[in-house]
Every structure is written in C-alpha cells, then in structure tokens.
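The values are calculated or read from the model by the stated rules, or taken from the named source; none is laboratory data. Since we're looking at a predicted model, the values are computed, not measured. Glycine also receives a Cβ, built like all others from the backbone with ideal geometry; neighbour counts cover every protein chain displayed.
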C-alpha cells in the first residue's frame with residue numbers, strides 16, 4: 001500500500017528539509033519539486049530574482065507528469081513518496097499540479113496526505129535568502145517572498161486528510177514528527193474510515209504464509225516498523241530491529257515458526273506467527289491499521305494454540321503494541337530492557 005505525502009508551502013519555508021527528516025520515518029523517497037523544474041531551469045540564465053517566463057512552467061509540468069507516470073507504472077507496490085509543491089491558493093497552475101499528484105495517488109491506490117506549511121512573513125523572507133537555495137536554482141528574492149506572503153495563502157486543496165502546520169517556530173525535526181503523528185492517526189482510524197482512499201472491500205483472508213511470500217512479508221514488516229514504531233524508539237533501535245527481518249531472515253523464521261498472513265484484495269496487509277507458546281512478529285501495514293486486521297490475526301493464532309493444547313500464550317510486546325495486546329486480554333508480566341529497546345512480556349490464559 002503506497003503513501004503519498006505532499007508538503008505545500010511558499011519558497012523558503014523548508015519543504016525539502018522537512019521531507020528529508022520525514023523520509024526515514026516513513027521509509028519514503030523524496031521527490032522535490034526541483035526534480036521537475038531544474039532540467040528546464042538549467043537551460044535559462046536564471047539569477048534567482050528575475051521573474052521567469054510564464055510559459056516555462058508548461059515544460060516543467062510535462063517533466064512532472066513523466067515522473068508520476070513512471071511511479072504509477074513501475075513503483076514498487078508498497079513504496080512511499082514525499083512530494084513538495086510551492087502551491088498558491090486560487091492559482092490555476094498550482095491546482096493543476098496538485099491534481100497531477102492526486103491523480104497518481106488514485107492510480108496507485110495510495111493514501112494521499114497533503115500538508116500545508118504556512119510561515120510568518122519575516123521568517124520566510126529570512127529563510128528564502130539562504131545561500132544554499134541558489135545552488136538548487138531556487139528563488140532567493142526576499143522582497144518577492146514578503147509580497148507573496150501578504151497577498152496570497154498556501155494552496156488549500158480541501159482534502160479530508162490535510163494537515164495545517166504553522167512552520168514559523170518549528171525545527172524540521174519537530175515538523176516531521178508532527179506530520180508522522182498525523183499520518184499514524186489517520187492509519188489508526190482517528191480520522192474516520194479510510195475506505196474511500198484504500199478501496200477496502202472488507203474481505204480479509206487469513207492463511208498460512210507460503211515461502212514464496214517471504215520477500216513481501218519482509219517488506220511489510222520493515223516498513224511497518226519504520227512507520228508505526230518510530231514514535232516510540234530511537235532511530236538506531238528501529239534500524240537494528242529492521243535488520244532482523246531481511247528476506248533471508250524471514251525465510252529462516254518460517255522454518256521454525258507457524259506463520260500466517262492477512263490478505264485484502266490480494267495484497268498482504270498483515271502477518272503473525274506462533275513459536276511454541278509465544279506469539280511473535282505481529283505486524284499490520286500502517287495503511288490497514290484500525291481495520292480489524294490485527295484482531296483477526298490474533299484470533300487465528302489463539303485458535304491454533306488452543307488446538308495444540310497450549311493453555312497460556314505469551315507475547316513480547318513493543319511500546320507501540322502494548323495497548324493493542326492489553327485490549328485483547330493480555331496482562332503485563334514484566335518489562336524487558338535490551339539497551340534502549342523496551343519491550344513488555346505479556347500473557348493470556350486461553351483455556
């Protein structure tokens with residue numbers, strides 16, 4: 001399941017800087033607007049202050065569409081992308097750019113999350129003159145920045161999942177964390193059903209995992225850890241845990257555990273496994289969380305454990321999943337520390 005995040009704000013607000021901070025939290029590729037603009041702008045004698053010819057944007061729009069078409073045609077099924085856009089509300093060209101990206105999201109069945117980044121006029125004028133901007137052929141005109149701030153607003157697409165995030169006093173790290181939290185809230189269902197965005201059919205199929213799905217399971221688990229667990233653990237812990245679920249590692253786990261997968265519309269959206277009397281590796285795609293997939297997997301695992309004569313099931317729960325297991329009747333036995341990684345041994349009487 002793809003995730004498209006669109007960061008929108010006037011030149012200088014720090015869209016690319018925020019995108020780079022957000023990228024590892026979502027395991028996402030950053031597609032900056034200057035990917036589209038610079039192949040054309042490098043053909044001009046652009047000094048960063050002289051207005052560009054209006055017709056030039058028709059050509060950058062063609063480049064943008066070519067990139068989006070390639071993402072639709074060849075992007076991996078679970079790939080996430082962060083786009084940037086200096087869109088202005090009420091501007092037809094800005095709206096067309098948004099629709100190009102939104103159209104690609106629909107074709108990919110991706111969750112689209114637009115983020116508006118308004119910023120104080122003087123702070124924006126200060127940021128826009130940063131020397132590094134000129135190296136990327138970006139505008140460095142402080143006066144033009146002030147005038148734009150006074151007469152215009154950042155594009156508001158009217159999308160149900162839009163986040164309005166005033167960036168005046170925030171660091172890039174803080175803005176990225178706020179956006180990440182917003183996305184997790186959407187995935188958890190706090191913003192209502194995702195059915196219209198995901199094309200959910202409601203038909204979740206639980207089955208034993210065949211070995212030829214090990215790569216897909218690995219991708220699901222690694223992406224889920226990076227997205228869902230990143231609010232609770234340091235980056236170095238996240239990457240260490242991610243390393244435990246490579247394709248080869250998952251194949252090894254499948255030799256020693258009973259592994260299940262959850263499918264929705266043919267796509268793997270969750271997995272769980274049983275290792276003796278211990279439940280392990282319960283993960284649900286961030287974009288399928290809040291839809292009952294995790295509960296269905298746990299019901300399947302518990303039924304298999306009962307059939308095997310197991311009376312007490314145990315599960316090592318992460319900080320992120322602790323409340324999920326508690327809601328299913330698991331009691332905390334003790335906390336386990338492994339460096340900066342905190343987990344909780346929980347158990348449940350099932351007989």
message = Within the range 247-262, does at least one residue satisfy the condition of being in the same structural domain as residue 325 (by TED's automatic domain parsing), in contact with a helix residue (DSSP H, G or I) (Cβ under 7 Å, 6 or more places away or on another chain), surrounded by 13 or more Cβ atoms within 10 Å (Cβ to Cβ) and at pLDDT below 95?
response = no
message = Being crowded, with 23+ Cβ neighbours inside 10 Å, touching a helix residue (DSSP H, G or I) at 6+ places or on another chain (Cβ under 6 Å) and not in a helix (DSSP H, G or I) is the filter here; which residues of the range 91-112 pass it?
response = 112
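Considering each of 243, 270 in turn, give the residue that is in the same structural domain as residue 330 (by TED's automatic domain parsing), at pLDDT 90 or above and touching a helix residue (DSSP H, G or I) at 6+ places or on another chain (Cβ under 7 Å).
Numbers: 243 fails: touching a helix residue (DSSP H, G or I) at 6+ places or on another chain (Cβ under 7 Å).
Sole residue among the options that is in the same structural domain as residue 330 (by TED's automatic domain parsing), at pLDDT 90 or above and touching a helix residue (DSSP H, G or I) at 6+ places or on another chain (Cβ under 7 Å): 270.
Only one of 42, 62, 96 is in contact (Cβ under 8 Å) with a residue 24 or more places away in the chain and more than 25 Å from the chain's Cα centre (by Cα); which? Step through it out loud before you land on a result.
Details: 62 fails: in contact (Cβ under 8 Å) with a residue 24 or more places away in the chain; 96 fails: more than 25 Å from the chain's Cα centre (by Cα).
Answer to the check: 42.
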Failed criterion for residue 297 (all others in (1) modelled with pLDDT of 95 or more; (2) surrounded by fewer than 21 Cβ atoms within 10 Å (Cβ to Cβ); (3) out of contact with any helix residue (DSSP H, G or I) (no Cβ under 9 Å at 6 or more places or on another chain) hold) = (2)
Subset of the range 211-236 [surrounded by fewer than 19 Cβ atoms within 10 Å (Cβ to Cβ), part of a helix (DSSP H, G or I) and in contact with a helix residue (DSSP H, G or I) (Cβ under 7 Å, 6 or more places away or on another chain)] = 211, 215, 235
